[in-house]
Amino acid sequence: MDLTRRSLMSSVALAASALAAPPAFELEEATVADLQKRMTAGSLTAHALTQHYLDRIAAIDKRGPALNSVIEINPDALSIAAALDAERKAKGPRGPVHGIPILIKDNIDTADRMMTTAGSLALLGSIAARDSVVAQRLRAAGAVILGKTNLSEWANYRSSHSTSGWSGRGGLTRNPYALDRNACGSSSGSGAALSANLCALAIGTETDGSIVCPSSTNGVVGIKPTLGLIPATGIIPIAHSQDTAGPMARTVTDAAILLGALAGADYTKSLDPNGLRGARIGVARDKFFGFSEETDRVIEAAIAEMKRRGAEIIDPADIPTAGKFDDSESLVLSYEFKNDLNLYLGALGPKAPVHSLADVIAFNDSHRAQEMPYFGQDIMIKAQARGPLTSKEYLDALEKDHRLSRTEGIDAVMGKFRLDALAAPTGGPAWCTDLITGDHDPGGSSTPAAVAGYPNINVPAGYAYGLPVGISFFGAANSEAMLIKLAYAFEQATRHRRAPKFLPHA
């Protein structure tokens, strides 16, 4: 069957699947505090809670709207939940995420019966020998790792013409607000599953935009933390100079709780409903406004609301180097991807299906029908041609990245205007998914914080044509507490988050 006909038939089937409303869900929009209160009272157990989410996944991720956001269920989730129930009864809870079901992205190692594949058939059957640091800390906090989420394959580092949310192993993740729209990537499954109430919390990873963009398009909160706050050990890499895991949640409070579990700090102390009062917030306009009239409308309203809530708005507060390090970022990622992926794959052991980037490229070539029906692997091929990390070209590009994004970029504008944070639209409303020609993402503001390794928080800011639009608060290294304070105060003032309706189209 030719691709055009297949795409048309898929669209017809998609529209038909969305005609029937998904079943009501008693835990819709439940927060961590809601769930803990019920478990403390004895009206809910972690085992029952886990079963509720498993049933929800079966009902709307695999059937009905068929979001296709969950790539694998943890076969031990219910037994883990039961053990945590027994522990709660005997000793009390370990903390705020005790017994809470969490979905994590399928590039995060878990030493259990689940695979870690980055969505690629090349790693089918690969089970990690050791937990990632993220998985270790989740388990130590008493979380139930419910399963793994679909993603843009290899965290969207394979093709310059890719479709976000598609992987060879998992297929296409759909946006729960409008099923023909993109869930953004690469943490598309985490964003869509969380928004659709398939879990209480989720974990994504970001190199540049892969937490904040799917958070924005799926109407949830996402925190891309300072580089190194959460060690990236045990995560299938793109580039060590930018990669990080981060929390995704339906509220800023829940995101702060999850960040605390991952980073070993209490960020709930920053949850001040009056946190905007007296804060100096700079509006980063140049390069980040003007790509969408509707997005600008939403963000202008958000800025006005912050001003009403007592924030001192410095507008504009442009990043002087914005757009001047895109080429060097691309070069750094290309070098580090080859180096870092080879290290990861080389450590999997002799039984692993692939051991190097070269092996992955060869696998894709020999499985074109399954792995490359829509787009190729030009990014991987370019990375394979790169030299070692001692290369002058790489070192010069890395120095340029750090200088322009940090010293002459975010640090410069924040120092000049004595800012607590910068704000900009995270991106526009979700675009129509197009497997034939790839993504049509109009623009976004994730790059300065991503390249600098600085924190960035997306919060729902409103809607355009019924599709969520998010605002980003970002700032200096290790400023998570301040950003959470601002994001929480904005969220409490506006309360834009609303559950999706699984419409066939916007």
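Worth pointing out:
- Cleavage-rule hits (trypsin sites (Lys or Arg not before Pro)) in segment 320-361: DSSP loop, at most 11 neighbouring Cβ within 10 angstrom: 351
- Violating pairs (Cα-Cα greater than 28 angstrom) within the set 37/62; 338/392; 148/224; 224/269: 37/62
- No Cys partner within the rule (Cβ under 4.7 Å), the chain: 199, 432
- Only Lys, Arg, Asp and Glu carry charge here, each on its Cβ (+1 for the first two, -1 for the last two); on that basis the chain has a dipole of about 1100 debye about its Cα centre.
- Quarter of the Cα convex hull surface for the chain, i.e. its orientation-mean projected area (nm²): 21.7 nm²
- For segment 125-213, trypsin sites (Lys or Arg not before Pro) are listed when DSSP marks them as loop and at most 14 other Cβ atoms sit within 10 Å of their Cβ; the list is 130.
- Percentage relative contact order, the chain, counting C-alpha pairs under 8 Å, at least six apart: 18 percent
- With a cut-off of 11 Å between beta carbons, the residues surrounding residue 273 carry a summed charge of +1, where Lys and Arg count +1 and Asp and Glu -1.
- Sorted ascending by nearby beta carbons within 10 Å, beginning with the fewest, 78, 44, 422 become 78, 44, 422.
- Residues 305, 480 in ascending order of nearby Cβ atoms (within 10 Å, fewest first): 305, 480.
- 295, 437, 390 arranged by Cβ crowding within 10 Å, fewest neighbours leading: 390, 437, 295
- Student exercise, segment 249-345 dipole from Lys, Arg, Asp, Glu Cβ charges, in Debye to nearest 20: 400 debye
- Of every Cα-Cα pair in segment 76-203, the percent that sits beyond 18 Å: 55 percent
- Calculated mean residue ellipticity at 222 nm for the chain: -11000 deg cm²/dmol, from DSSP H runs with n ≥ 4 weighted as -39500 (n - 2.57), summed, divided by the residue count and rounded to 500.
- Dipole of the chain, positive end: most advanced residue of 387, 462, 409 [Cβ charges, Cα centre]: 462
- Scalar couplings 3J(HN,Hα) for segment 83-96, obtained by applying the Karplus form with A = 6.51, B = -1.76, C = 1.60 to θ = phi - 60°, are 5, 5, 4, 5, 5, 4, 5, 7, 10, x, x, 6, x, x Hz; x denotes Gly and Pro.
- Rounded to 5, the percent of DSSP beta bridges in segment 62-193 classed as antiparallel: 55 percent
Any read-out appearing in this document is the output of simple, stated calculations on the displayed coordinates, not a laboratory observation. Just so it is clear, the structure is predicted and the values come from calculations on it, not from any experiment. Virtual Cβ from ideal backbone geometry, glycine too; neighbours counted across all protein chains shown.
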